[in-house]
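> I have a structure here, written as structure tokens, and I will follow up with some questions on it.
FYI, it's all coordinate maths here, none of it is from the lab. Quantities reported herein were computed from a predicted structural model and do not represent experimental measurements. Backbone-built Cβ (ideal geometry, glycine too); neighbour counts: all protein chains shown.
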Amino acid sequence: MRALAFGAIGIVFGDLGTSPLYTLQEVFSSDYGLGISRPTVLGVLSLVFWSLLIVVCIKYVLFVMRADNKGEGGIVALLALAQRGVRALPRVRWGVAVVAIFGAALFYGDGVITPAISVLSAVEGIRIAAPQLTSWVMPISVAILLGLFVLEKLGTTRVGGLFAPVMCIWFIVIALLGVRMIVRGPEILLALNPIYAVHLFESHGLAAFVALGGVVLALTGAEALYADIGHFGKRPIRLVWLYFIFPALLLNYFGQGALLLHDPQAIGNPFYLMVPKPVLVPMIVLAAAATVIASQAIISGAYSMTLQAMQLGYAPRLRVVHTSSRVAGQIFVPFINNALLILVLAAVIGFHSSENLGAAYGIAVTGTMVTTTLLVLLVALRLWHWKWYVVAMLGIPLLVIDGAFFSANLLKVSHGGWFPLALGVAAFAVMTTWRRGRELVRRRLGRGGVALAPLLGSIAEHPPTRVPGTAIFLTANLNAVPRALLHNLKHNKVLHERNVLLSVVTLDLPFAERMDRVESHDLGHSFCTVLLSFGFMEDPDVLAALAADTGLQPGVDVRDTTFFTSRETVVEGDHAGMVPWRDHLFAFLTRNAVQVTTFFHIPGDRLVEIGTPVEI
């Protein structure tokens, strides 16, 4: 467990751990109008402390992390878990999907803002160390980000061993910096009393509420505690957070507060201004390394979530590259990498500074927090069978807190908050359109389908010419005749000696049990059906899964087979399906999606594709 705990320090807590670089600077920005005074500093630090305690310690560590899907976490895993609880309620199931997809879509906005604000805030230490080099902040940040995204395709295997040591040093150093300032101004510890947070709202009203949009920056990355439980386990993450990360963060935040009580002018950059000048340059280098690690973690999270969304049918198929032969979860998705790179660079160049980016940050994070709370409460009610009043007693306070953070961030839409929100809406449109479009395609194909049983009877009465070998026909419906089989009979007038109807399904579990991987049935007349199951976190390698199974039809050798499939070409018709812009979008996504055979790792030299136009 020590090794898992040590590894978690390098992967799980990067985003939370680099938040001190910009959080208090953003909260005391002139945009919020709080000003620097003893009551406001104590009030803000009290808000930070109690937010971390309630949202991270109580909500995520004690409550949300209980909702694991066979040991896996994250919003897509939570979606599958929640839908399992409302399987018998189609309308509720659809509503759950919409809520979860919106939360997942907002994660992409978070994936853009986090690298941009983290790296910028680290490099901005140059303004303190060498003011004459201020103009170099943006070029250096752009260069670091370019290097980060270019090296993503190599995976984290080669450099992953450095993550935990670097982050350990980071947390120890920021804790020591905080202790140094707290010793000089121990009065800041009064902020542990929640009465100062209450007084802040009493004295500043709306300004204090709006400032919650800055306080929430201290919580960015909390979702990672839940998302990474599959990699490190619940206990190591909980122990590391409670006994190492949480104290280190508190010491640094309170140290910054002590500095502001002593020198209000330090608000220009309270993190770097409490660093002794002799070690300022090494601290900038360490901060840059920590932010790169934090950025890498959230980018890798975007890859994983994309693969899960593809498996569950909420995203078009994209090329997935496995960067490690030993660790299945280490993947690289070129399209997502390139898209994030372009958007991150646009954010850095467009917003110029971490202070400006701070105004854009928060909406994506708080939106995901709200959706996570709603889904976990549903799981508690439907799967854990908690009493409704227990769920209400826990859920109402959590939703009030999450709602307050989200509402405060909505007030920042005109100041840059529109950027991650627009990214989230675009991702939501793509995911829902793809899901709905695939349902329409299946419906259209189903209407023109031919039942399998009559065809088998016809083959028995009028046997067609047989050719040697085995044909595997990919189909979504094992009770209907695959179109590729119909075309083969119609145009070639032949059947293979052995014929397999293969359907691939994705379970609402992260990994399929070995015994449940392949389900086969002999239909007679040299036909059999095979249902191949994968979990939503698995790589759907059809050939490898079939080769590992011994229960297939006698004589079937997967090394000597031909795969047949129909390739749908989506065209827009007069059917009442989706609105025109969504029809156009779905057709575009279909043309550019990776073919299902490529996604299933079926070799092209053993594949026959038959084109099928489909109107939606």
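> If you fit an axis through the alpha-carbon atoms of helix 38-51 and take the longest principal axis of the Cα set of the chain, what angle between them do you get, 0 to 90°, nearest 10?
30 degrees
> Using a cut-off of 12 Å between beta-carbons, work out the net charge of the residues near Gly313 (Lys and Arg +1, Asp and Glu -1, Gly313 not included).
Details: positive: Arg317, Arg435, Arg436, Arg438, Arg442; negative: Glu439, Asp508.
Computed value for this residue: +3.
> Can you check what the net charge comes to around Gly535, using other residues whose Cβ is under 11 Å from the Cβ of Gly535 (Lys, Arg +1; Asp, Glu -1)?
Value of the local net charge: -4.
> Once label points are set 7 Å from the Cα along Cα→Cβ at both Val505 and Arg91, what is their separation, rounded to one decimal in nm?
Distance between label points: 2.6 nm.
> Still on this structure, I have one more. Report the label-to-label distance for Trp136 and Ala547 in nanometres (one decimal), using points 7 Å from each Cα along the Cα→Cβ vector.
With each label point 7 Å from Cα toward Cβ, the separation is 5.3 nm.
> Something else now. With a point put 7 Å past each Cα toward its Cβ, work out how far Arg567 is from Ala207 in nm, to one decimal.
The two pseudo-label positions are separated by 6.5 nm.
> If you don't mind, there's one more thing I want to ask. With a Förster radius of 35 Å, plug the Cβ-Cβ distance of His525 and Thr598 into 1/(1 + (r/R0)^6) and report the FRET value to the nearest 0.05. Mind showing how you got there, number by number?
Working: r = 31 Å, r/R0 = 0.90.
For His525 and Thr598, the calculated efficiency is 0.65.
> Separate question: Taking GluC sites (Glu not before Pro) as candidate sites, keep only those in a DSSP loop with at most 15 other Cβ atoms within 10 Å, then name the longest stretch of the chain containing none of them.
Between the exposed loop sites, the longest stretch runs 1-512.
> Just checking my list (1) 1.08; (2) 1.04; (3) 1.01 against Rg/Rh (Cα atoms, Kirkwood Rh) computed from this structure; which label fits?
For Rg/Rh (Cα atoms, Kirkwood Rh), the calculated option is (2).
> Now for a different question. Percent antiparallel among DSSP beta bridges with both residues in the chain, to the nearest 5? Show your work: numbers first, answer last.
Numbers: 10 of 39 bridges.
Antiparallel bridges make up about 25 percent of those DSSP assigns within the chain.
> Loop-only check: which chymotrypsin sites (Phe, Trp or Tyr not before Pro) in the range 264-337 are DSSP coil with at most 10 other Cβ within 10 angstrom?
Hits after loop and neighbour filter: nothing returned.
> Continuing with this model, one more query. For a quick check of your reading of the filter: which trypsin sites (Lys or Arg not before Pro) in the range 411-493 sit in a DSSP loop and have no more than 13 other Cβ atoms within 10 Å? Numbers along the way, then the final one.
Details: sites: Lys412, Arg435, Arg436, Arg438, Arg442, Arg443, Arg444, Arg447, Arg466, Arg483, Lys490, Lys493; in loops: Lys412, Lys493.
Sites meeting the loop and neighbour criteria: Lys493.
> Right, another one. What angle, in degrees between 0 and 90 and rounded to the nearest 10, separates the Cα long axis of helix 580-592 from the longest principal axis of the Cα atoms of the chain?
Helix 580-592 sits at roughly 80 degrees to that axis.
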